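See structure below.
The values are calculated or read from the model by the stated rules, or taken from the named source; none is laboratory data. Because the structure is a prediction, the values reported are computed rather than measured. Positions of Cβ are backbone-derived with ideal geometry, glycine not excepted, and every protein chain shown enters the neighbour counts.
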Amino acid sequence: MSAPLHLSLCYAACDADTLTEAHLRSAARAAFEAMGWRAALSAHRWEPQGLSLMLVADEATLILHTWPELGCVLADLMLLTGGDAEALMRAFGEHAALPGAAVHRSVRGGT
């Protein structure tokens, strides 16, 4: 089994309509379905604004945090099996209609 891969992506200059819970839920689910994965989803709304959304599947975990006042989404992906992390995040970005992201990639543990 390969070591888990962690990607952190920061999407900046996002339009407010792309930062809604309904929009991000739909985009994240569509990206996981495009990979053939089923995920449980949980969300928490922050006051006065913002959202944390988590999708958990056997293959990966995706956590999204939004800062609407900054037009920003931070996405953390932990790929637990040998899937294509870049394809998943590309699908998410396309479904969510988010601008290009700054990406940090690291391998966690294992060999």
Every pair of residues 6+ apart whose Cβ atoms lie under 6 Å, when the first sits in the range 1-28 and is on the phi < 0 side of the Ramachandran plot while the second is of a type in the set (Lys, Arg)
PRO4/ARG108; HIS6/ARG108; LEU7/ARG105
Only unsatisfied item for SER8, checking (1) touching an Asp or Glu at 6+ places or on another chain (Cβ under 6 Å); (2) at pLDDT below 90; (3) buried (at least 18 other Cβ atoms within 10 Å of the Cβ), is (3)
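Residue under question is SER26, and the condition is that it be modelled with pLDDT of 90 or more, touching a His at 6+ places or on another chain (Cβ under 9 Å) and surrounded by fewer than 16 Cβ atoms within 10 Å (Cβ to Cβ); does it hold? Can you show your working first?
Numbers: modelled with pLDDT of 90 or more: yes; touching a His at 6+ places or on another chain (Cβ under 9 Å): yes; surrounded by fewer than 16 Cβ atoms within 10 Å (Cβ to Cβ): yes.
Considered against the rule, which asks whether it is modelled with pLDDT of 90 or more, touching a His at 6+ places or on another chain (Cβ under 9 Å) and surrounded by fewer than 16 Cβ atoms within 10 Å (Cβ to Cβ), SER26 comes out as yes.
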Of everything in the range 42-91, what is hydroxyl-bearing (Ser, Thr, Tyr) and without any contact (Cβ under 8 Å) to a residue 24 or more places away in the chain? Give them in sequence order.
SER42, SER52, THR61
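Could you pull out the residue among ALA101, ALA97 that is touching a Ser or Thr at 6+ places or on another chain (Cβ under 6 Å) and in contact (Cβ under 8 Å) with a residue 12 or more places away in the chain?
Numbers: ALA101 fails: touching a Ser or Thr at 6+ places or on another chain (Cβ under 6 Å).
Matching residue, one of ALA101, ALA97: ALA97.
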